[in-house]
Each structure stands twice: as structure tokens, then as C-alpha cells.
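Accompanying notes for the structure given below.
Please treat every number below as a calculation from the coordinates, not as lab data. No experiment lies behind these values; they were computed from the predicted model shown. Cβ sites come from the backbone with ideal geometry, for glycine too, and all protein chains shown count toward neighbours.
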């Protein structure tokens, strides 16, 4: 018994030390966001008081509300788009047998090996030619098709008994109705996983918005941060950190709520 | 109604047509935003281009031979290789360590899991700004600590010797969240009975780790190693915010180099050639990964 | 209530060898028809062809007198119960039961009424609001049954519906399914690998092996007069003892495994020549030799294994290359190595042609007991 208590104490010790280390930069940024310039120079950890001056300033200096709204719109659009496109494809891969299906699936999977950055130059020109620079569709449409998402959903769909499809066939359900009324509701958990993943990655996207936004009309918060940092360099770190905190709160919340779900869902997709 | 003829080709190909219909959105999007641009990139890599990215002069393999002799590009390749070496092994070992700790069944473990995974919810831009502050020469935390314990201060992001290491440190931190989440999921998929039976056999913690946990986790490890490698080759945001490729090109990783060549210098031909090289590297790495590791990976 | 007729039906994949061939059978309206056979014999495939879930590659399927080869499953007027029940996990029991009605756009009030009625019949009334995962295996099975019944389809197909239940529940559900089928008068086509289910439930049973019909008939006829050695050993537990045999030169009987002589009066008629034969006898037809019994085919055997089951005793002994089994009612005091005298009544023997498998001599004198004759009140 004493042995296991000692082991527990040891594990708790490691857990506390390492998790504090991991979370420290965020915590530190949070503290800085409440500090005035002189306080930061003194190198304190706790601010004198939790005043929201820096937050007011950051909304003043950047069209941050607009950016936040843009980020939400783009992330939600990509999320919904990915869910629709990937679930349709995954459904075909599991429930509609046709010749050459395995080959098509192989092509889908091999797209994972094409780094998106290797295609960004022609993609940029495509969007430019479509006159989609500074538009929501230009920001979101290229990311609707996702091999990883298709793969993840396919893994889940495969666990659904084939008899469910046959029972529906006997009941007279059409193919699309079966997809809509049975498959999607049954796969709620993996759809939530993919949705959260899509939202998170889109919210955090950096290079693409950097390329195709030239004004604030659809610019996202991530580019806003870059602007803030280059404007405010070494002058007002409190304001910059306030911006950081505002930007990370939505995704951190999403992660805190969906951590368990994401972990289960993503690792299922990772395994065969 | 009573006579039903045998179905013709049209009816027998119903599955093919319907299946194709369901795959159509993906196929169109992949074609427009992945296959076409990939082919176009390869095509452009053999040309000099005008300002609008149109092919102007066919130069054959000249873009490639130029790159392979250009000290700047070779430097960029070297930096990229070092960066991968710094970030991937340490990042995965750290994430595995956290995942093993967080897989213990203890009170309040959910809280720790959330802490470990938190960096997944923080964007590259936000993380980079935070680390920019931590690395700050005068007000940054690291130099304050060095000062406090009487060590010489380091110009983290401004010293060519240190810049790449600094970027690597911040990148490891950014990626632990995702790796941790995946590895924890893998650990939780391991059948409890395996541990119970080994406990009956009297196996110790490290023996169990070596003989059960790691082999059973190998498919997940394999997955996360592949993803981490690919991610490391694609690093961009932290470079753009922290160092802009400097000082003296020491952090000019390949994607940043492509970006600069294309969208700052407007040399789309050489940028495309670099993109093709990136593509080949990732292709080789993944194929090698599969070849080397797939045999050793233990699938149930 | 509809008739289901299969005329020379066959099935092949990719135009290769037939997995099912020459199926000719008519299932009468209101009949309980059981398809039985070992796993992989094609029984499920046959059921799925009737359901329309598998394409029929040869022959004609008629349902209710109409050709149905290319009808889609929902146009065939049938319901189906699957081995794993195929309940929709995201719907409640009630919604599961009414799912098919909802698809067919039946009025909500009618749906409710019919669901209620069926739920009552199957004792599911208290569970209508629950999800399938909150139910036990037996309850899920009932929901699957309810879903089939509520459709009021004249034909019901069942694919091993009881194989996921424990033994006790299975016995109970056997009678319950039979009761419901009788009450509603539906035509039932029931697939199982369990010969006990086949024997106890079916009006008629069809034994399939390697995609071919082995025998169709009433359970008791199949038990008594198996058409070939496969059927003989498949139906009945322990199985019929079957050994190679040959005609005695004198034609007064047969030699089994070159060791046992069984005299047969009509041996002449079976054997036009000395072709190779198979002789079989059911374990319960091997009788103890009691004092005063006539000589006949009495032999001594060495007991190699004994199982005393309380109400009966099953023991094995060696006959040439094979191990035979005998089943005697009551508890018999014997041990391995004992010498036991047994009586092999020649009238009980089935004799098959080894080459064709054909039954060339039917057993006789099987005791058909009837209440009126045997019991006096």
C-alpha cells in the first residue's frame, strides 16, 4: 500500500511540474495582458490589478471585431463544407460498392502526401483569376475536400453494420435518405470530431489568409496578430498580449470542451 | 408491371454512377485545388515567369541546377534538415512522456490532460507572438532568468547560432498538444487485460512499457511520426513572425523560402522548383517511413 | 399471405462457379419454412436473394405468383429480421418499430396504434422510450421482431435471429416466434444452422449443403428417412452412426466395416451387385440386450467413452475404423473398458449407395407412438 502511495505522489509531482511548464507561456501572456508598460519592464508575474485597459486599446487599434467575425465565418464555412464533402465521399467509399472504388480511395489517400504549400503558387493565381482575392469563398473553398477527414469518417462508417443498410432497403429508404436519416445521426461523434478539428485548423490558418487578403474586409485574426505585433513591436506588449488572449479564447474553449472527444476521434482516424 | 426485363448496362452501372455522384464534390475540389496546381507547379518549375505567374521562357532544368548550386538554397535545405532533426524526436518523446503520465488513473487527471493538450488550441500566430516576448532580449523571460542566475544573456532570435534552436523550441511547444492528444488516444485503446495479465506475471513498470505499451502503441506512434515529419517540413508561421528567415538566412526554412521567392521576389519559376523539391522530399520521407516502419509496426 | 416460388435459381459471383445451384422449391402461404445447413452452405445467400439484397444470377423467383427477380427489396412485400438485429442505434425502440411505416408515409396516429399493439404482443410497452443500447440482448431481439411484425408484410424472412441469445432464452424465443407466426398466419422463411431449431420450428425444412438442396420435407420424415448420408449425419444429435459396408456374398445380409454382420431379409432387393455401400443406424436404435431377447444381430463391444446425462446414457465404442455412439434411456452403470452386449436391429438400418449417396433401403419398424393406442385412461 505504501508503495503505491509513494508512486502516486511521484506521479502527481511530475504531472504538476510538467503541465505548469506547458501551460506557463499562456498563463504568462494572460498576466502580461493586464500590465502597463512600466510593470512589464519591472518583470513582474502578477499584474497590480486586473484592469481591461489593454483590451480596450487593442479593439481600438485594430478592427478586431471585424477580424473575429471574419475568422468565425471562414472557420464555420470550412467546417460545414468539410463535413458535407467528406461525409458524402466517405459514404460512397463504404456503402456504395462499385468497380475501381479501391483505386479511387487510394488516390484520395495519396493526396495526403501532397504538401499544400507545394501548390500554393498556382492556387493563388487561380483565386486571383476568379477574382476571389479578399472574399470568403476564396478563403474557404480550397479546403472543403480533405483526405484526412474522408478517411476519418470512412473508418467510423465502416463500423456501422451493413445490415442497417439492408434493413433500410427493405423498409424502402432511398440511398440519400439512408445517408441523411441513419448514417449521419449514427456518426454524430465522429462528425463532431471532424467539425472541431476543421474549425480549429481553419481558425489557426496563417499562410493562406496572408496571401489572399490585402485589406481588412475578410482578414482573419491571425493576420491581425501579425499586424499588431509589427505595429507595436517593443512598445506596448500589454496590448499585444491582450490581442493574443482574445484570439486564443475561442479555440481554447472549444478544445477544453471537446478535448475528450477530439482525442478519441482523432486517434481512431490514426489507426487502421 | 408483371414482366420485368433483365436490367441493362444502364441499370447495372447504377452503383458506379451514384458512387461517382457522391464523390463528385471531392473530385472537383481536389482537381482544381490540388491536382491541377501540383501539375502546374511542376510545369512552371521549368520556366522563367512574368509578374502574373505565366510561363515565359522555357529553361529546362536550369531552375533546378541553379537551386542546387545556390548557396542560399542549400543553406535553406540544411536549415530545414536541422530543424526537422531538432523538433521531431524531442517533440514526440516529450508528448509520449506527457501522454504516459496523463494515462494514469488518478483524481483530477482530466485537468492535466486539458493542460497538456492546450497548445493545440493556440494558433501558430498567437504562439509565435507569445514566444517573441519570451525571447525578447531585454524584457523577455528567458534572459531575465539567465540574468537572475548570473549567466551571460543570449540573443535568442538575433544570433545566427541560436535562432534556429529558438524557433525549434517554440515549435516543439506548439506541436506537443496535438501529438499528446493522438498518443493519449492510442494509449487508451490498449486493452486493459494485457496489463492485468502482465501484472499477474509480475512485470515491472518499465518492462510493461517496453514489452506492451510501446509495441501496442506502435501504429499510433507511426502515424504521429509521419505527421510530425510532414508538419516540420511545412513550418511557416513562426518563421514569418519570429525571424523572417534571418538572421543571415539561418532560419530560412524551405516553405518560407518558397514564399519569399514567389510573393516577394516574384520569381515563380524558381519558387515552383523549390515547391517541387519540397514535394519530392515529403514523398520520399513518407514512402521511406512506410517501408522502414510498417514491418515493425504491430497491428492487432 | 403469399407463396414464394424458386424455379431453378442459381447464384454465381463474377460469372465463376455457382455458389448456389438448381434451387427448386415452393414455399406455401402461411408455411413456416426453415433453411438449414452448415455455415457457408449458401442458406443466407438464398434468403438474401429472396429479400432482394443479392442479385439472382439464374432462374426465376416468384413472389405471390409474380416474377420478382429484379424487384427492389421494398417492393417485395416482406420483412426481415437480421442476426445482429440491425436496430437503428440513434432511434428509440418506438421509433425503431415505426421506422418502416414512417418511410411508407403511414399516418402518425396509425403508426402509434400499430406500434402499441405490437409492443404489447411482445412485452415491449415499458421500453418504447429507450434506446437499443439500453436493452438486453433478448429485448433487442424482440424489437427486431416487432419491427418485422408491425410492417404487416405477408412474408417474413429471418436470418439466424436467435444465434446471439443464450441457450435458455433461445428455447423460449423458439416457441414465441412459432406462436406469433401461427397467430398472424404469415409465410415465414427462417435460416438457421441449428438443427434443433429446424426440427422444432419448421413445418417443412430444407437442408442445404454446398449450395445444393439435399432434402426438403417435414422434419420427422427427414429425421426418419434421410435422403443421403449428409442429411443423416447433419440432423440428429448425436449423429447417425455411418460406416462403409458391403454386400455379403450369400446376399443374406451386409458386412459393416468388415467386422459386423447384419442379416437383412430383403438384402437381395437392395443389392443388384456388390457395389460399395454405407450403412447407418441412429444411436437410440442401438438397444441393450435384455434377457430373453431373440438372438438376431447381437454383438459385444468395448466401451471407449461414457456420458451419463441423467435421463439418458450415451456411450461410444469402436466399429472398425469408426467410433459409434449409442443412446439408451435411463442411467446405466458402465465404465470405459467395459464389455457391453448390444443389439443391432437390422430393421433400423439405413443403407446408402456410397457413390451416389442415394438412400436405397429405408429403415422400418420405427415406433410411431400415438396417444390413443398406447395410453389407457
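Remarks
- With distances taken between every two different alpha-carbon atoms, region C:42-156 has a Kirkwood hydrodynamic radius of 15.1 Å.
- Helix C:167-184 and the longest principal axis of the Cα set of chain C meet at an angle near 60°.
- Rounded to 10°, Cα long-axis angle of helix C:108-122 versus longest principal axis of chain C: 30
- Principal semi-axes of the equivalent ellipsoid, √(5λ) from the alpha carbon gyration tensor of the protein assembly as shown, are 73, 33, 28 Å from largest down.
- Packing, taken as the mean count of other beta carbons within 10 Å per residue, orders the peptides B:224-233, A:18-27, B:127-136, B:201-210 from highest to lowest as B:127-136, B:224-233, A:18-27, B:201-210.
- Rounded to 5, the percent of DSSP beta bridges in the protein assembly as shown classed as antiparallel: 75
- Calculated on alpha-carbon atoms, Rg and Dmax of chain A in Å: 23.4, 75
- Descending semi-axes in Å of region A:85-234, equivalent ellipsoid built from Cα gyration tensor: 38, 17, 14
- Distance cut-off 40 Å, percentage of C-alpha pairs in chain C lying past it: 29
- Dividing the C-alpha radius of gyration of region A:35-138 by 2.2 N^0.38 Å, with N its residue count, gives 1.81.
- By average C-beta atoms within 10 angstrom, highest first, the peptides C:309-318, C:192-201: C:192-201, C:309-318
- Against the empirical curve 2.2 N^0.38 Å, the C-alpha radius of gyration of region B:43-129 lands at a ratio of 1.87.
- A protection proxy built from the mean count of other Cβ atoms within 10 Å ranks the segments A:170-176, C:67-73, A:82-88, most packed first, as A:82-88, A:170-176, C:67-73.
- Inverse mean reciprocal Cα-Cα distance (Kirkwood Rh) of chain B, Å: 23.0
- Helical mean residue ellipticity (222 nm; -39500 (n - 2.57) per DSSP H run of 4+; nearest 500) of the protein assembly as shown: -16500 deg cm²/dmol
- The distance separating the Cα centre of region A:103-118 from that of region C:218-253 comes to 62 Å.
- Other protein chain Cβ atoms within 10 Å, averaged over every residue that makes up C:51-64: 1
- For region B:143-189, taking the reciprocal of the average inverse distance between every pair of different Cα atoms yields a Kirkwood hydrodynamic radius of 13.0 Å.
- Largest first and in whole Å, the equivalent-ellipsoid semi-axes of region C:230-374 read 25, 18, 16, each the square root of five times a Cα gyration tensor eigenvalue.
- Averaging Cα coordinates gives a centre for region C:87-140 and one for region C:40-63; these two points are 29 Å apart.
- Normalising the average separation of contacting C-alpha pairs (under 8 angstrom, six or more residues apart) by the number of residues puts the relative contact order of chain A at 33 percent.
- Computed over the Cα atoms of region C:4-228, the ratio of the radius of gyration to the Kirkwood radius (Rg/Rh) comes to 0.97.
- The C-alpha atoms of chain A define a longest principal axis, and helix A:162-171 lies at about 60 degrees to it.
- For A:141-147, mean number of other protein chain Cβ atoms within 10 Å: 5
- Convex hull projection area averaged over all views, region A:11-69, Cα basis, nm²: 5.8
- Inter-chain shielding of B:228-236 (mean C-beta neighbours from other protein chains, 10 Å cut-off): 2
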